[in-house]
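This report refers to the structure that appears directly beneath it.
The values are calculated or read from the model by the stated rules, or taken from the named source; none is laboratory data. The structure displayed is predicted, hence computed values, not measured ones. All Cβ positions, glycine included, derive from the backbone under ideal geometry; neighbour counts span all protein chains shown. The accessibility values were calculated without ligands, DNA or RNA, using every heavy atom of the protein model including side chains. Shrake-Rupley method; radii C 1.70, N 1.55, O 1.52, S 1.80 Å.
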Amino acid sequence: MLVNYLNLRRTKSKLAGWSSDVELSEKIAPIESSETSGTLGTSPIPNSGSPSSHSQSLSIKQPNTRRNSGSRAGKNSPSRTGASYDDRLFGDVEEHAIILLESTGKNSEINENITDSPSEGQEKKSKSELRAERRAKQETQRAAKANATEGKTQSTPKHSKTASTSQLQSQSNQNQQQNHQHQQNPQIQIETKKKVVKAHTRADLPKKVSLFNHIPQQEKANKMIAEYRSLNTVHPAVVNLGLQFAEFEINGGNSRALAMLTIFKKVLVISDYETPEGSVLQRHLTSHISKQVDFLANIRALAASMRTAVKFLKTEITNLDHAIPEKDAKELIKERIDAFIRDRIMYAERAIVDFGLEKIKDNDVILTYARSSVVVQLLKKAKNIGKIFKVVIVDSRPKWDGKETLKQLVDANVDCIYVHINAINYVMKDVTKVLLGASAVLSNGTVMSRAGSATIAMCANHNKIPVIVASETYKFSDSVRLDSYTWNEIGDPIELATPETKTAYATSDNLYLLNLHYDLMPSEFVTVILCDAGWIPTT
């Protein structure tokens with residue numbers, strides 16, 4: 001502000017061109033004079049060479065005596081006080097500024113930073129001249145920059161093929177050495193961010209189907225990721241479980257959810273987990289479980305049943321009382337997990353079986369597809385109570401899950417017929433009911449199940465045959481999907497190839513294989529849903 005005071009004084013000569021106080025008050029804002037209030041209100045004045053820049057930046061208030069007086073003076077009339085307006089305005093300002101500068105000891109320092117105002121004899125430049133000067137300066141800078149760029153390009157030598165090849169070879173050798181060192185170092189810290197892990201799992205997968213590029217596609221590199229992640233925060237038991245999921249040794253929504261909860265209960269919560277010093281169990285255990293779940297999700301997409309189980313477990317841990325000792329908290333979590341397995345999985349399956357027995361009549365021909373644990377239990381229980389019926393088992397590539405269903409029903413002395421899905425129209429005319437399992441029931445009534453289930457339901461709906469879907473309520477999902485392209489799980493494409501077509505798939509650039517795991521049954525194809533709460537419509 002002190003610099004501004006002196007700059008105000010230096011603009012005195014430029015203000016002399018204004019002939020009256022009226023024109024001055026119209027061009028600059030008034031400020032309170034030091035004669036009345038003892039303070040000054042000034043805005044920073046740019047120290048440019050143009051007089052107009054000084055005059056437009058002034059912020060000055062006229063004295064109260066001038067505002068309270070009568071009408072303003074004429075255009076060429078002098079001030080009432082006998083002195084000119086600018087003398088009265090800047091006289092006290094300069095005195096105050098000099099006194100303040102001397103008291104602070106910065107008078108010489110500020111004087112060095114003040115540039116002299118242009119003299120009165122300097123000619124004013126028009127706007128067009130200023131624009132022309134700026135344009136010329138910009139053109140000069142562009143030309144200098146272009147010349148510098150051309151000089152760099154000409155000075156850079158062109159590498160020969162031999163030099164570039166040797167550089168690439170040396171770089172590849174360095175990368176191989178670094179990778180070898182990383183593999184030998186057991187202390188490698190792998191990032192736990194989901195996006196980073198997915199970037200590794202999707203890399204180097206040959207022949208992706210472009211329509212499904214947004215969906216994670218399986219590859220064998222998941223095993224390597226499992227080994228690296230086990231060095232960091234993933235428990236070895238969870239690594240083993242994830243590899244079993246990837247190899248489909250544990251398959252099905254109920255089996256996967258049950259295995260996951262069992263591992264969490266025995267290994268993470270009870271035996272191996274200890275809350276770090278300075279942390280709270282309710283928060284740290286929740287984040288620790290999230291890392292295990294992220295690993296399982298990267299190995300293979302989580303089923304709807306697993307998502308519900310994880311959500312339940314995190315909620316129970318978060319709601320624990322902070323005053324409970326850690327040992328008692330672990331026991332309480334164990335009891336909650338056991339209660340979930342008992343009520344939402346075991347008892348739910350029994351309830352579905354009891355409700356389903358009412359709809360199975362003697363001489364029924366029931367068609368089922370692939371394998372569903374709750375459907376198998378329902379059919380076995382119906383046979384045990386003496387009902388007489390036949391079962392048509394429809395199966396398809398590549399998993400052939402219907403063979404396991406056939407084996408279990410034959411062991412229970414159930415009359416069975418085994419066909420492939422391409423023969424569905426030939427056997428549908430003799431079927432009285434269609435009984436299917438479900439991976440998830442979405443909020444819009446659509447049922448997500450094994451790929452091929454929608455074909456079965458559509459064919460049954462066309463022949464006016466009721467379609468019954470058996471599903472536990474913990475598989476109900478809040479999500480909405482209209483087709484199988486938005487989300488799905490893609491398996492190994494080699495599973496679809498026969499020994500004859502594997503060679504063609506490996507050599508041909510025009511052959512693509514797509515192994516989808518799920519499809520969606522529209523609600524209009526489903527007659528009723530059989531769950532542990534009873535019979536409910538899809539609407």
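When a 1.4 Å probe is rolled over the protein heavy atoms, the share of accessible surface on the range 294-430 that falls to carbon and sulfur comes to 49 percent. Sorted largest first, the spans of the alpha carbon positions of the range 383-539 along the three principal axes are 54, 39, 28 Å.
Kindly identify the range 433-510 as rounded, prolate or oblate by the Cα gyration tensor criterion: order the square roots of the eigenvalues as a ≥ b ≥ c, call it rounded if a/c is under 1.5, otherwise compare a/b with b/c, prolate if a/b is larger, else oblate. It comes out prolate by the Cα gyration axes. The residue list Gly278, Val267, Asn298 was ranked by how far each Cα lies along the charge dipole of the range 261-317 toward its positive end, using unit charges on Cβ atoms, and Asn298 comes out on top. Remark: the range 335-479 carries 45 Å² of accessible area per residue (probe radius 1.4 Å; ligands, DNA and RNA excluded). The calculated P(r) of the range 286-420, using every Cα pair and 5 Å bins from 0, goes 2, 8, 15, 14, 13, 12, 11, 9, 8, 5, 2, 1, 0 in percent.
Taking the Cα centre of the range 384-479 as origin and charging only Cβ (+1 Lys, Arg; -1 Asp, Glu), how large is the dipole, in debye to the nearest 20?
Working: 11 positive and 8 negative charges, 40 e Å.
Dipole of the range 384-479, to the nearest 20 debye: 200 debye.
Heavy-atom accessible area for Thr473, with the other protein chains in place and a 1.4 Å probe, reaches approximately 40 Å². Between the alpha-carbon centers of the range 400-453 and the range 367-399, tell me the distance in whole angstrom. So the two Cα centres are separated by 7 Å.
By the scheme Lys and Arg +1, Asp and Glu -1, what is the net charge of all other residues having a beta-carbon under 12 Å from that of Asp328? Mind showing how you got there, number by number?
On the way: positive: Lys327, Lys330, Lys334; negative: Asp321, Glu326, Glu331, Glu335.
Cβ neighbours under 12 Å give a net charge of -1.
Once the dipole of the range 393-522 is set up with Lys and Arg at +1 and Asp and Glu at -1 on Cβ about the Cα centre, which of Ile490, Phe476, Ala457 lies farthest towards its positive end? Among Ile490, Phe476, Ala457, the one farthest towards the positive end of the dipole of the range 393-522 is Ala457.
What separates the Cα centres of the range 332-350 and the range 465-539 is a distance of 27 Å.
The residues packed around Arg342, meaning those with a beta-carbon under 15 Å from its beta-carbon, carry a net charge of -2 if Lys and Arg are +1 and Asp and Glu are -1. For the range 140-147, 3J(HN,Hα) computed residue by residue from phi via the Karplus equation (6.51, -1.76, 1.60; θ = phi - 60°) reads 5, 5, 5, 4, 5, 5, 4, 5 Hz, glycine and proline entered as x. State which entries of Lys208/Lys433; Lys407/Lys433; Lys291/Lys399 exceed 27 angstrom in Cα-Cα distance in the structure shown. Listed pairs above 27 Å: Lys208/Lys433; Lys291/Lys399.
Every pair of different Cα atoms in the range 297-356 enters the Kirkwood calculation, which places the hydrodynamic radius at 13.4 Å.
Under the convention that each Lys and Arg Cβ holds +1 and each Asp and Glu Cβ holds -1, the size of the dipole of the range 462-504 around its Cα centre is about 220 debye. Of the GluC sites (Glu not before Pro) found in the range 451-539, not one falls in a DSSP loop while having at most 11 other beta-carbon atoms within 10 Å.
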